[in-house]
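**Q** Quick one: the structure is below, and I'll ask about it shortly.
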Amino acid sequence: MHIESPRSARSPKAVTFLRIPVLIAMGMMTMGSGMGNPGCGGDSYNVCESGCAIGGTYTLQFADTSPPGDACDALGLGLPTGSLMLMRSGRSISASLGGMPLSGYYEFSEPSRTLTLSGTQSVTSTTWYFVRVKSAVAAPAPETETDSSVIEGEYELTSGSSEETSVKCIIQRKFTATR
């Protein structure tokens with residue numbers, strides 16, 4: 001046997017007092033979800049307060065400029081020529097290295113100030129290469145677009161193919177980029 005109590009029997013005062021703890025609990029559970037406090041994933045995460053002006057054109061110099069080898073030559077791949085161009089929006093970076101588009105992120109918190117970029121380019125309909133740049137902005141990080149800036153890291157190129165008999169090109173070189 002089920003007995004229901006009529007709504008009118010509930011105290012309006014009790015319902016009012018129960019709303020407050022429920023609202024507080026909901027607020028705490030949704031922090032960082034975009035419903036209220038932005039938490040780590042909100043806009044405050046993308047706000048850089050100093051050392052953020054890394055955008056611009058950089059001259060790249062490799063520690064080792066020797067030819068990468070026959071496999072890379074066969075694919076027409078080598079070290080990039082041209083400048084590294086960066087454009088920052090929050091933590092997101094759009095870049096071009098020797099004309100190849102790259103994208104990634106800038107971790108501008110102290111002390112790391114890491115800059116990571118990557119991109120993929122086709123060589124033929126069955127062959128491609130992947131570029132990854134792992135680097136760090138040297139201290140002091142630039143405060144304005146006219147401050148000098150140095151980025152040091154490693155350039156990595158790896159070819160891939162859908163054909164089993166394809167040659168494989170791998171290039172790994174340390175570099176310094178200056179603005």
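**Q** Roll a 1.4 Å probe over the protein heavy atoms and report the accessible area of SER135 in Å², nearest 10.
**A** Taking all protein chains as shown, SER135 has close to 10 Å².
**Q** With every protein chain in place, what's the accessible area of SER112 (1.4 Å probe, Å², nearest 10)?
**A** 50 Å²
**Q** With a probe of 1.4 Å, find how much accessible area the stretch 56-177 has per residue, and write the answer as a whole number in Å².
**A** Numbers: 6530 Å² over 122 residues.
Per residue, the stretch 56-177 has an accessible area of 54 Å².
**Q** Using a 1.4 angstrom probe and counting only protein chains, how large is the accessible area of GLU143 in Å², to 10?
**A** GLU143 has an accessible surface of roughly 110 Å² with all protein chains in place.
**Q** Can you give me the long-range amide H partners of SER83? Hydrogens built in the peptide plane at 1.01 Å from N, cutoff under 5 Å, separation of 5 or more residues or another chain.
**A** Residues meeting the criterion, in which the H sits 1.01 Å from N, are GLY98.
**Q** May I pose another question? How far is the Cα center of the stretch 123-178 from the Cα center of the stretch 67-90, in Å?
**A** A separation of 7 Å, based on Cα centres.
**Q** Okay, moving on. Ordering VAL167, VAL131 by how much accessible area each has at a 1.4 Å probe, largest first, what is the list? Could the numbers behind the result be given before it?
**A** On the way: VAL167 70, VAL131 0 Å².
The ranking, largest first, comes out as VAL167, VAL131.
The values are calculated or read from the model by the stated rules, or taken from the named source; none is laboratory data. No experiment lies behind these values; they were computed from the predicted model shown. SASA here: full protein model, heavy atoms, side chains in, ligands and nucleic acids out. Shrake-Rupley method; radii C 1.70, N 1.55, O 1.52, S 1.80 Å.
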